[in-house]
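The values are calculated or read from the model by the stated rules, or taken from the named source; none is laboratory data. All figures in this text were calculated on a predicted structure; none of them were measured in a lab. Counting neighbours? That spans all protein chains shown, and the Cβs are built from the backbone with ideal geometry, glycine included.
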Amino acid sequence: MGERNDRNKLKSEIERLESLGYLAGSRLASRDGGVAVYDIEKAYKGLNLTVSGHAPEAFLMDMSGAILHKWRCEIRGAWPDFKIEDNPGKLLNYTFWRRARLMPNGDLFAIFERIGLIKLDKQSKLLWASRNRAHHDLDIAKNGNIYVLTGQAHVNEEYNSKQPIWEDYISVLDPQGRELKKVSVLKALQNSEYASVVNKAPPAGDLLHTNTIEFIEELPENRPTPFKKGTVLVAILYLDLVCAVDLEEQKVYWAESDFWHREHQPILLANGNILVLDNRRGKDISAVVELNPLSRQVEWSYVGGRDGIFYTETCGSCQRLLNGNTLITESDAGRAFEVTRDKQIVWEYVSPYRTGAQRTLVATLFEIVRMEEDVAAEWLR
């Protein structure tokens with residue numbers, strides 16, 4: 001009887017780890033939705049790829065908030081045998097997409113959190129679906145290969161032989177979604193000179209919570225850098241760690257943790273610095289930090305400026321635009337805004353979508369990505 005109970009507990013914990021995710025909404029809606037600020041002279045004009053907790057879809061909207069195109073795929077459109085649960089108290093990751101990436105021809109990649117990765121064409125026809133436990137983020141190389149975070153809930157005998165862990169992986173897929181390589185983030189840390197940081201991880205459960213991946217395809221020109229082409233930049237939330245991973249050697253070769261807490265979205269900039277969303281700078285305060293990785297000097301930051309603080313306890317994103325402005329997604333508040341170098345808000349969008357049993361919560365705005373204005377010129381009608 002005891003052995004059976006142990007097996008049942010193990011199975012239950014594995015199922016729990018596989019279902020961890022995000023709420024479709026967590027804050028009461030306090031503002032009307034739409035574009036609230038648009039300084040046409042100072043904002044970087046383009047199109048906005050948007051992923052929200054209200055539905056399994058992404059949409060492209062212009063700077064005024066008009067929706068130009070939508071992609072949508074329900075979970076059973078990708079996996080017809082997927083078991084639908086009707087449990088309001090559980091995180092239902094199949095009711096929305098966590099992240100999406102748009103290709104020049106209108107094809108779109110989307111992640112169902114901890115379930116899998118799908119690819120749609122511009123008419124939302126399913127091209128393929130990989131039930132690989134994809135989560136959080138992906139990036140696409142110029143050759144079409146896909147770099148995506150995946151995971152597995154299991155007993156890792158080397159780490160904890162009695163309790164299951166959620167182990168994060170960096171998976172490399174070919175353009176058809178077939179796996180070419182799979183590297184354990186945990187092992188990449190353990191194989192490196194930063195191995196001691198693993199001591200900060202819990203003994204079981206969701207160990208690292210890796211939440212961002214960027215493929216380093218090009219290095220900054222004529223600037224010294226600690227990074228290497230063909231490697232990836234990731235953020236490990238529970239260790240407050242941003243690190244670079246060599247996928248061939250399967251080890252971390254650079255890491256930093258002193259400038260952020262529960263961070264998201266590290267990006268390598270053209271000037272050689274990295275831009276990082278610092279989710280928990282202080283009590284109810286988030287920030288965006290631009291760090292020189294060699295000098296370890298903060299060369300720019302946004303902590304609200306004269307326009308007030310912002311705060312997203314979970315998720316969030318940041319993007320440096322070509323005119324030097326920074327686009328920030330404040331996920332929990334269902335808000336995104338663009339700030340100039342001198343910290344003036346020149347564009348602001350608030351989600352009009354509502355979730356929750358009474359439809360009183362603003363939908364989590366997982367990410368807005370500013371695309372070039374001509375991104376859809378050849379296929380959008």
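Quick notes on this structure:
- Breaking point among (1) modelled with pLDDT of 95 or more; (2) part of a loop (DSSP other than H, G, I, E, B); (3) hydroxyl-bearing (Ser, Thr, Tyr); (4) buried (at least 19 other Cβ atoms within 10 Å of the Cβ), for Thr50: (2)
- Test for Glu248: is it part of a strand (DSSP E or B) and over 20 Å from the mean Cα position of the chain (by Cα): no
For (1) over 20 Å from Leu233 (Cβ atoms); (2) modelled with pLDDT of 95 or more, each residue gets a yes or a no:
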site: Gly272; (1), (2): no, yes
site: Asp284; (1), (2): yes, no
site: Arg296; (1), (2): no, yes
site: Cys318; (1), (2): no, yes
site: Gly324; (1), (2): yes, yes
site: Tyr353; (1), (2): yes, yes
site: Val362; (1), (2): yes, yes
site: Ile368; (1), (2): yes, yes
site: Ala377; (1), (2): yes, no
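- Selection within the stretch 227-244 - under 22 Å from Ser196 (Cβ atoms), touching a Leu at 6+ places or on another chain (Cβ under 8 Å) and of a type outside the set (Phe, Trp, Tyr): Thr231, Val232, Leu233, Val234, Ala235, Ile236, Leu237, Leu239, Val242, Cys243, Ala244
- Each residue in the stretch 334-356 was checked for being surrounded by 16 or more Cβ atoms within 10 Å (Cβ to Cβ) and farther than 20 Å from Leu60 by Cα, and 5 of them qualify.
- Just so you know, in the stretch 154-177 the residues that are in contact with a Lys or Arg (Cβ under 8 Å, 6 or more places away or on another chain) and aliphatic (A, V, I, L, M) include one that is farthest from Ser317 (Cα to Cα), and it is Val155.
- Only one of the numbered conditions (1) surrounded by 14 or more Cβ atoms within 10 Å (Cβ to Cβ); (2) within 30 Å of Tyr253 (Cβ to Cβ) is not met by Arg296, and that is (1).
- Hits in the stretch 188-203 - residues which are of a type in the set (Gly, Ala, Ser) and in contact (Cβ under 8 Å) with a residue 60 or more places away in the chain: Ala188, Ser192
- Taking the conditions (1) in contact with a Gly (Cβ under 9 Å, 6 or more places away or on another chain); (2) of a type in the set (A, V, I, L, M, F, W, C); (3) crowded, with 17+ Cβ neighbours inside 10 Å in turn, Ile285 satisfies each one other than (3).
- Test: residue in the stretch 307-328 that is surrounded by 18 or more Cβ atoms within 10 Å (Cβ to Cβ), over 21 Å from the mean Cα position of the chain (by Cα) and either part of a strand (DSSP E or B) or of a type outside the set (Phe, Trp, Tyr) (or both): no
- In the stretch 133-147, the residues that are in contact with a Leu (Cβ under 6 Å, 6 or more places away or on another chain) and either over 16 Å from His209 (Cα atoms) or in a strand (DSSP E or B) (or both): Ile146
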